[in-house]
Amino acid sequence: MISINSIIEVDLLGQCNSEFLGGSQFSGTGGQLDFVRGAFNSRGGKSILTFYSTAKHGEISRVVPRFQMGTVVTTPRMDTHYLVTEYG
């Protein structure tokens, strides 16, 4: 099983946020963690999380040192396997 999901941002610990943007709820989890873990537990499976590396025409990095206080973690660091941006 190959699981491909999108995220909003990732921190340097590998935590992924797919639901919180600009201090507000942006979306729900949509079962992302279930698919991430399902792919990991399947034979030969891979979980791929995709995102744009920047926002606002390159002004804001989506790879952050640490999430802002209160940011929701959709995929914990121990479940993050592959991260892919528009650069690979």
**Message:** Suppose we filter the range 25-36 for residues that are in contact with a strand residue (DSSP E or B) (Cβ under 7 Å, 6 or more places away or on another chain) and either of a type outside the set (Val, Ile, Thr) or in a strand (DSSP E or B) (or both); how many remain?
**Reply:** 4
**Request:** Give just the number: which of (1) surrounded by 14 or more Cβ atoms within 10 Å (Cβ to Cβ); (2) part of a loop (DSSP other than H, G, I, E, B); (3) hydrophobic (A, V, I, L, M, F, W, C) does ALA39 not satisfy?
**Result:** (2)
**Complete:** Residue hits (the range 20-39; modelled with pLDDT of 95 or more and among the aromatic types (Phe, Trp, Tyr)) are PHE35
**Item:** Subset of the range 1-24 (residues that are exposed (fewer than 13 other Cβ atoms within 10 Å of the Cβ), in a strand (DSSP E or B) and in contact (Cβ under 8 Å) with a residue 12 or more places away in the chain)
**Value:** ILE2
**Request:** Please enumerate the residues belonging to the range 49-61 that are more than 10 Å from the chain's Cα centre (by Cα) and in contact (Cβ under 8 Å) with a residue 24 or more places away in the chain.
**Result:** TYR52, SER53
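Would you mind finding the one in PRO65, PRO76 that is exposed (fewer than 13 other Cβ atoms within 10 Å of the Cβ) and not charged (D, E, K, R)? Don't jump to the end; show me each part of the working.
Working: PRO76 fails: exposed (fewer than 13 other Cβ atoms within 10 Å of the Cβ).
From the options PRO65, PRO76, the qualifying one is PRO65.
Looking at the range 56-88 only, could you name the residues that are aliphatic (A, V, I, L, M) and either assigned to a loop (DSSP other than H, G, I, E, B) or farther than 12 Å from ASP11 by Cβ (or both)? Step through it out loud before you land on a result.
Taking the range 56-88 first, the residues aliphatic (A, V, I, L, M) are 60, 63-64, 69, 72-73, 78, 83-84.
Hits for the range 56-88 are ILE60, MET69, VAL72, VAL73, MET78, VAL84.
The values are calculated or read from the model by the stated rules, or taken from the named source; none is laboratory data. It should be emphasised that the depicted structure is a prediction, and the values quoted were computed from it without experimental measurement. FYI the Cβ positions are ideal-geometry reconstructions off the backbone, even for glycines, and counts take in every protein chain you see.
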